[in-house]
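The structure appears right after this line, and notes come after that.
The values are calculated or read from the model by the stated rules, or taken from the named source; none is laboratory data. Quick caveat: nothing in here was measured; it's all calculated off a predicted structure. Here Cβ is always computed from backbone atoms with ideal geometry, including for glycine, and neighbour counts include all displayed protein chains. Ligands, DNA and RNA are stripped out before the accessible areas are found, and what is left, the full protein with its side chains, is counted by its heavy atoms. Shrake-Rupley method; radii C 1.70, N 1.55, O 1.52, S 1.80 Å.
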Amino acid sequence: MDKKVLETIVKVINADFPAVLATIVQVTGSAPRHEGAQMLIFPDGRSVGTIGGGCGEAEVRREALSVLDEQKAKIYEVLLNSDLAADEGMVCGGVMNVLLEPVSQAIPYDAALECLEKVKPAVIVTQLASKLNKGVYSPSGSKLAGEDCTVDEKVLVQAYNTGKTIFVTGDQEVSTLYQPVLPEEKLLILGAGHVGQYVAAFGKKLDFKVTVVDDRPDFANPSLFPDADQILCTDFERALDSYEIDQSTYIVIVTRGHRYDEICLKRVLGRPYKYLGMIGSRRRVKMLLAKLEDEGFAGEELRKVKTPIGLKIGAETPAEIAISILGEIISVRRLQS
């Protein structure tokens, strides 16, 4: 579940302010976004998050107002017919089923946010029949907070392990939505030069938790990285020994020299990252990887390194190179999850 949406829901509940949460639960055919995408809609038309924009999203906004009036959850079908598809730039239309639910104090979003912040495995289960029940469960099937739901433990595990939202339609018109509460995606930038500065700025707009590492105070400082969540001005070895790299970490090595690239690469190889890319010319990179393999690093691990880093789009300037790097990261984020 998106952290920004989840944080806003908790604030809304604490302020006792009305809102409707829209969640895409099922998609057939072409659609701008897919299962799990969410948007929080307020009575005055403001929103947080998006389910794809365009006419389809506008239709959901209008329907959300009736849900606010009735205070009853429903699944709303959005037909992205040829007209809507053309408006949204799609070749053909599809169907989005969207769960619209009034935000309520009875729903344990605060517990879900706590699980996210403490990196505690959890799945939000929403059961919709004559009324809506919502609980927060561990992947093992134990309830952590909220209401009792009839859960399928295999689906709980599948949702959390794959990171995908799963919608199950059962007997007696009971539908169940499984939404994994996943660790926040982290972007670790090793090197605070020009490319690193643009990667950090653009990466923050992509909702990553951004950390920058460099041992030069003139570079690793808030004036160059105003939006970074964390700036570590220390040597790369010390920073990487203390930084928690996990399966939600995207690592970008863009230091000022191959000696530092090698130091960083040695420290992260074999750890459970999501993405690892390193800048450098083909010749120098090839020499470095061959050297590390001679030193005993597994060839399989070395081949996982995205290098030369970034998509092949002819990028030359630091900003263009950063965009090519983040384009490659997005492809891993969306296509390999």
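So, of the residues in region 46-57 that are farther than 23 Å from Ile124 by Cα and open to solvent by less than 40 Å² (accessible area, probe 1.4 Å), which turns out to be modelled with the highest pLDDT? It comes out as Glu57. Only residues that are in a loop (DSSP other than H, G, I, E, B) and among the aromatic types (Phe, Trp, Tyr) were counted across region 189-233, and they come to 3. Candidates in region 29-45 are the residues that are at negative phi and more than 22 Å from the chain's Cα centre (by Cα); of these, the one that is most open to solvent (accessible area, probe 1.4 Å) is Asp44. Selection of first residues in region 104-126 that are of a type in the set (Asp, Glu) and of second residues that are modelled with pLDDT under 95, restricted to Cβ pairs under 6 Å at least 6 apart or on distinct chains, gives the following pairs, ordered by first then second residue: Asp110/Val10. For region 295-318, a residue qualifies if it is modelled with pLDDT of 95 or more, surrounded by fewer than 16 Cβ atoms within 10 Å (Cβ to Cβ) and part of a helix (DSSP H, G or I), but none of them does.
For residues that are at negative phi, in a loop (DSSP other than H, G, I, E, B) and of a type outside the set (D, E, K, R), scanning just region 94-129, find the one that is surrounded by the most Cβ atoms within 10 Å (Cβ to Cβ). It comes out as Ile107.
Kindly evaluate Ala192 against the criterion of being of a type in the set (Gly, Ala, Ser), in contact with a Phe, Trp or Tyr (Cβ under 6 Å, 6 or more places away or on another chain) and open to solvent by less than 40 Å² (accessible area, probe 1.4 Å). Against the criterion (of a type in the set (Gly, Ala, Ser), in contact with a Phe, Trp or Tyr (Cβ under 6 Å, 6 or more places away or on another chain) and open to solvent by less than 40 Å² (accessible area, probe 1.4 Å)), Ala192 qualifies. Within region 251-260, being at pLDDT 95 or above and open to solvent by less than 30 Å² (accessible area, probe 1.4 Å) holds for Ile251, Val252, Ile253, Val254, Thr255.
When we screen Leu177, Leu288 for residues that are in contact with a Phe, Trp or Tyr (Cβ under 9 Å, 6 or more places away or on another chain) and surrounded by 19 or more Cβ atoms within 10 Å (Cβ to Cβ), the only hit is Leu177. The residues on offer are Leu156, Leu144, and the sole one that is crowded, with 20+ Cβ neighbours inside 10 Å, over 18 Å from Ser248 (Cβ atoms) and aliphatic (A, V, I, L, M) is Leu156. For region 206-221, a residue qualifies if it is closer than 28 Å to Gly49 by Cα, modelled with pLDDT of 95 or more and open to solvent by 60 Å² or more (accessible area, probe 1.4 Å), and exactly one does: Lys209.
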